[in-house]
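The values are calculated or read from the model by the stated rules, or taken from the named source; none is laboratory data. Only a predicted model underlies this, so the values are computations on that prediction, with no experimental measurement involved. Cβ: placed from backbone, ideal geometry, glycine included. Neighbour counts: every protein chain shown.
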Amino acid sequence: MRFASSARLAAVVAAAALALTACGSGSSDSGSTGGAVDGKGKKLSVLTGVNAQYSAQQKQWFTDIAAKFKAQTGADVEFETFASANDELTRIQTSVVSGQGPDVYSLGTTFTPTAYATKAFVTLSDDDWKKVGGKDRFNPAALGISGPDEQHQAGIPFVSRPFVMAYNKELLAAAGIDKPATSWDELAVQAKKLTNPATGTFGLATGYKDNFDPWKFIWAMSVQAGNPLVDGKNLKLDDPAVKKAYETYFGWLTKDKVVDPASVGWSNSNAVAAFAAGKAGFLLMTTSSSIPTLEKSAIVGKYAYTTMPTTAPGESSPKGDGDKAASILSGDNVVVADYSKQKDLAFAYIKLITSKEEQLNYQKIFGDLPANNEALKSLEDPKLKPIADAAAKSKATPFTGAWGDIQLALLNVTVQSIPELSSGSVSDSALQARLKDAQSKAQASLDRASKS
Amino acid sequence: MSTDSFREARTADVPAAGAPQPGGGSVPPSGRSVRRKGLSERNRPLWMLIPGGALMLIIIVAPMLLGIYMSVLNLDQYTLRKWVSSPFVGLENFVEALTDSPLLHAVWLSVSYSLIAMIVTVPLGIAAAVATQNAFKGRALIRSVFLIPYVLPSFVVATVWRTMFQPNGVVDSALGTFGIDPGLWLNGPQTYWTLILVQIWASWPFIYLLALSGLQSVDHEVHEASALDGALWWNKLRYVIFPYLKGPLSLAFLIGMLHHINNFTLPFVLFGVPAPADVEVLPILTYVTSFQSFRFGLSAAMAFVSLVLVAIPLFIYLRAVKLDDAETPGGKK
């Protein structure tokens, strides 16, 4: 109830803000066309996620970019940060309702469809794309979750954070494995060779209690088996491919016994820690942001990244879009608010931060891969190569406002199965019932999405 | 009760002596009761309600009315932008909340867990208050230590417990030395008891504090009188001291229940979202409906239904213990 009332409070604050705007001065449209945007005396407001891992560097980056932007356009940039997705959502809600707030927002990719559904952000015209440096400056795969189709895109790719797996070269060599698996079946076989309960070493490290990872596995295995989960107005969670995906994912723990039994309580960071301690052959579902941790760990110099398997469980080769589904399309998009009175200035800012130099600079500081195509191709660090490969082989999750609910339903199947996972087996009937429940809840959400 | 009315009269005439009389005239010596009435009714400083009242209006009443309005709208991420004009759906949200959502289950979980936690914490709090009532060496230290769970932010409490309850964590290995395999704490049916356990740990000092304040208000004479009457410790506690605690403890019970029912941080941090079905308590359910599924209208309807469901027993309880009735001296004790 407390939180429901904070939602109400947000609405009131928004209404109050609306009342105040009426008194405030409405700054006029920047209105300049062609050439550099003149933003003298103006201030652009940008909302972006706080980077807890590199907070000092982020502050420095804000200062540097603001100085460069000032030099280019004469305008100031004011950065605001949000600490969590929920924090961001509250900001978006109040801004959407009141019609004022930041000019530019940074959004996670899987949240982009939900934000798009509010219709509060600019769908870019050809002209608008030119203002941000042209659509062709971006990695084509990264544009996959910018909008429902190519003509309607609101999200401008800023960085890519594709999911890959890391492997321990020493452990693999000791087990006689010369290269990491490219199918999930083969991965399970390799994992068995790597598992040695006597030394506490397990083939795979993954966290079953993570708030995101479980649905990403299910999504990937299902897509690779030819089921994209959403087919127009129909959701297909009660499909055999989805069930097989859960069975494989749960099976690592219950049948193959290639993961630490404690991982039923792990989040992704626990899995990273286990891998960093040299206790696991493979670390699944990780990003380049694990580099700083691993570089300081016991296995420094002994690990490498590679793309995750793209062949669905039980298959011999990828089906459908499978080979392009090594990872969900992951990273950050930037969007321009529809109510912004200085859209040209906003586009000029985005043009600056998505330029090749700035993208490479950002990569060096924070580890996230460039969305700028040229910058992505110019990366030379061999460690980053497979991650860059995964960026090109990333497939967007279905672009629907219902995705939040679908994701939640997929995750919920795992959450409710954990007690059985821990006791050694998830019964077929229980899994079937949970999938049915997930299907009906998420389908209802999809129905609402297609009605609106 | 005779001591009560005596004290009431005594405290009442202290401010009265210094306060200017509205009538301005001299006071007849027999007019003590008239004077008291005059002060409490004619000279009541009602304007003092304005700041608090205005804040109440802005922070509680207005959002609540808005919430009720939201509950009859089909308000979700598709209609949020022009939310005032989003489609009116009447009672549809309420029907869905009551028939096609886990709301009633959530209400049951919330109320039952709060009640169990309360029933356990009350004796714990009283025992701790009684134990630290008489001076002994190190009492100040013990009293401070007792307050630690209460001053720690909920978020910290939940994070620490979550770490301890991890599979193969501290709790498991401690129990393991006695050959006990407790199973999972943070998933499955046992989560309900985990929540209760952590809630008890975090909230018993609150009962302790209020019980302590009740004990402090017991006049020295009362202790002397019961000693003279030859009452032994249990009889003294049961028939002399506990009646003094009734007021503070009723209040503690009420505030504690509301606090538990509203507690979002503890289950959210302990179990995450989506929560295991056994701890999908009210605040978690409304949160998920609002901020994961973006069904703001449905969530407002849920919040409203639960408000009504909680308000009914609350009202009955308030009437029963007369906490709302400041005129009754018993209400303060």
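Table for the structure above
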| quantity | calculated |
| --- | --- |
| Restricting region B:191-210 to residues that are touching a residue at least 40 places away in the same chain (Cβ under 8 Å) and within 14 Å of chain A (Cβ to nearest Cβ), the residue that is farthest from A:GLY265 (Cα to Cα) | B:TYR192 |
| Pick from region B:41-77, criterion of a type in the set (Gly, Ala, Ser) and within 14 Å of chain A (Cβ to nearest Cβ), ranking: surrounded by the fewest Cβ atoms within 10 Å (Cβ to Cβ) | B:ALA54 |
| Which listed residue is within 14 Å of chain A (Cβ to nearest Cβ), more than 30 Å from B:VAL240 (Cα to Cα) and of a type in the set (Gly, Ala, Ser), from B:ALA174, B:ALA106 | B:ALA106 |
| So A:GLY101, is it without any contact (Cβ under 8 Å) to a residue 12 or more places away in the chain and assigned by TED's automatic domain parsing to the domain that holds A:LYS377 | no |
| A:GLN432 in contact (Cβ under 8 Å) with a residue 12 or more places away in the chain and either more than 10 Å from chain B (Cβ to nearest Cβ) or of a type in the set (Val, Ile, Thr) (or both) | yes |
| Unique match (being touching a Ser or Thr at 6+ places or on another chain (Cβ under 7 Å), of a type in the set (Gly, Ala, Ser) and either surrounded by 15 or more Cβ atoms within 10 Å (Cβ to Cβ) or without any contact (Cβ under 8 Å) to a residue 60 or more places away in the chain (or both)) among B:GLY179, B:GLY169, B:GLY183, B:GLY188 | B:GLY169 |
| Some residue of region B:128-143 being of a type in the set (Phe, Trp, Tyr) and either in a helix (DSSP H, G or I) or within 14 Å of chain A (Cβ to nearest Cβ) (or both) | no |
| Hits in region A:138-162 (condition: within 21 Å of A:GLY49 (Cα to Cα) and of a type in the set (D, E, K, R)) | A:ARG161 |
| Subset of region B:149-178 [in a loop (DSSP other than H, G, I, E, B) and modelled with pLDDT of 90 or more] | B:LEU152, B:PRO153, B:PHE165, B:THR177, B:PHE178 |
| Subset tally (residues that are touching a residue at least 12 places away in the same chain (Cβ under 8 Å), within 7 Å of chain B (Cβ to nearest Cβ) and not β-branched (Val, Ile, Thr)) for region A:409-422 | 4 |
| Checking A:ILE365 against (1) in contact (Cβ under 8 Å) with a residue 40 or more places away in the chain; (2) touching a Pro at 6+ places or on another chain (Cβ under 8 Å), the condition it does not meet | (2) |
| Single condition A:SER340 does not satisfy, out of (1) in contact with a strand residue (DSSP E or B) (Cβ under 7 Å, 6 or more places away or on another chain); (2) buried (at least 18 other Cβ atoms within 10 Å of the Cβ); (3) hydroxyl-bearing (Ser, Thr, Tyr) | (1) |
| Spans of strands (runs of 3 or more DSSP E) in region A:110-212 with at least 1 residues within 14 Å of chain B (Cβ to nearest Cβ) | A:202-205 |
| From the options A:ALA390, A:ALA433, residue that is surrounded by 22 or more Cβ atoms within 10 Å (Cβ to Cβ) and of a type in the set (A, V, I, L, M) | A:ALA390 |
| Flag for A:ALA391 being in the same structural domain as A:ALA117 (by TED's automatic domain parsing) and touching a residue at least 12 places away in the same chain (Cβ under 8 Å) | yes |
| Pairs with Cβ under 8 Å, 6+ apart, first in region A:254-281 and more than 14 Å from chain B (Cβ to nearest Cβ) and at negative phi, second part of a helix (DSSP H, G or I) and surrounded by fewer than 18 Cβ atoms within 10 Å (Cβ to Cβ) | A:ASP256/A:LYS192; A:VAL258/A:LYS192; A:VAL272/A:THR293; A:ALA276/A:THR293 |
| Hey, B:ALA225 assigned to a helix (DSSP H, G or I), more than 30 Å from the chain's Cα centre (by Cα), over 26 Å from B:SER110 (Cβ atoms) and of a type in the set (A, V, I, L, M) or not | yes |
| Any hit, region B:125-137, residues being over 26 Å from B:PHE268 (Cβ atoms), touching a residue at least 40 places away in the same chain (Cβ under 8 Å) and not hydrophobic (A, V, I, L, M, F, W, C) | yes |
| Odd one out for B:PHE294, checked against (1) at pLDDT below 90; (2) facing another protein chain (nearest Cβ under 9 Å); (3) surrounded by fewer than 20 Cβ atoms within 10 Å (Cβ to Cβ) | (3) |
| Unique residue being assigned to a loop (DSSP other than H, G, I, E, B) and among the acidic types (Asp, Glu) when the list is A:GLU357, A:GLU374, A:GLU380 | A:GLU380 |
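Quick grid of which residues meet (1) within 22 Å of the chain's Cα centre (by Cα); (2) outside the structural domain of B:LEU266 (by TED's automatic domain parsing); (3) of a type in the set (Ser, Thr, Tyr); (4) under 30 Å from A:ALA262 (Cα atoms):
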site: B:LEU124; (1), (2), (3), (4): yes, no, no, no
site: B:SER144; (1), (2), (3), (4): yes, no, yes, no
site: B:ALA174; (1), (2), (3), (4): no, no, no, yes
site: B:GLY179; (1), (2), (3), (4): no, no, no, yes
